[in-house]
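Here the structure is laid out as C-alpha cells; the discussion comes afterwards.
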Amino acid sequence: MSRLSVPKKLRRQLYFSRSELGQILAAYSARVAAGEWRDYAMDFTRDRAVFSVFRHTAEHALYAIEKFPGKSGRPELFAVSRGPQRLKQSESLNTVLAAIKSRPRLRTVG
C-alpha cells in the first residue's frame, strides 16, 4: 500500500515524547514563575510537532519549539524560533532549549 493511498486520518502524526515534553514544560514553568510567560499551545502534524509560548493569549507566539521527523535513518531534529527567525537547530532538545534559557539580561550599574 503506498503512502498516498492511506487515508489522511490514518497517517501517523509526530508527537513529543513524555521525556521531551517534561523538559519543555520544566523550561516553560520556570519562565511562568518569573512572570514572563503566560500561555502555550501545541500543534501536531505528520511533518512536525510544535510547542508555542505566549506572553499574552491574544498575541503572536514568542517562541516556537519544533520537532521534525528523522529522514533516511537520521535522528529527529529540534529547532527553536522567534517569529520567522530560527535561533537554534540541533538533534538535542537540551541544546535547543538552552537558546531560550540563556537570554541576555539587563544589569544595572550602581
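The values are calculated or read from the model by the stated rules, or taken from the named source; none is laboratory data. Given the structure is predicted, the values throughout are model-derived calculations rather than measurements. Cβ: placed from backbone, ideal geometry, glycine included. Neighbour counts: every protein chain shown. The area values use the complete protein model at the heavy-atom level, side chains included, leaving out ligands, DNA and RNA. Shrake-Rupley method; radii C 1.70, N 1.55, O 1.52, S 1.80 Å.
So R12 fits all but one of (1) at pLDDT 90 or above; (2) open to solvent by 80 Å² or more (accessible area, probe 1.4 Å); (3) assigned to a loop (DSSP other than H, G, I, E, B); (4) not polar (S, T, N, Q); what number is the exception?
The failed condition is (1).
Would it be correct to say that G22 is assigned to a loop (DSSP other than H, G, I, E, B) and more than 11 Å from the chain's Cα centre (by Cα)?
On the way: assigned to a loop (DSSP other than H, G, I, E, B): no; more than 11 Å from the chain's Cα centre (by Cα): yes.
Against the criterion (assigned to a loop (DSSP other than H, G, I, E, B) and more than 11 Å from the chain's Cα centre (by Cα)), G22 does not qualify.
How many of the residues making up the range 34-49 are under 17 Å from Y63 (Cβ atoms) and either assigned to a strand (DSSP E or B) or open to solvent by 90 Å² or more (accessible area, probe 1.4 Å) (or both)?
To start, the set of residues in the range 34-49 that are under 17 Å from Y63 (Cβ atoms) comprises 34-43, 48-49.
Restricting the remaining residues to those that are either assigned to a strand (DSSP E or B) or open to solvent by 90 Å² or more (accessible area, probe 1.4 Å) (or both) gives 38-43, 48-49.
Of the residues in the range 34-49, 8 are under 17 Å from Y63 (Cβ atoms) and either assigned to a strand (DSSP E or B) or open to solvent by 90 Å² or more (accessible area, probe 1.4 Å) (or both).
Quick one: count up the residues across the range 64-86 that are open to solvent by less than 70 Å² (accessible area, probe 1.4 Å), within 12 Å of the chain's Cα centre (by Cα) and farther than 17 Å from G22 by Cα.
Residues in the range 64-86 being open to solvent by less than 70 Å² (accessible area, probe 1.4 Å), within 12 Å of the chain's Cα centre (by Cα) and farther than 17 Å from G22 by Cα: 3 in total.
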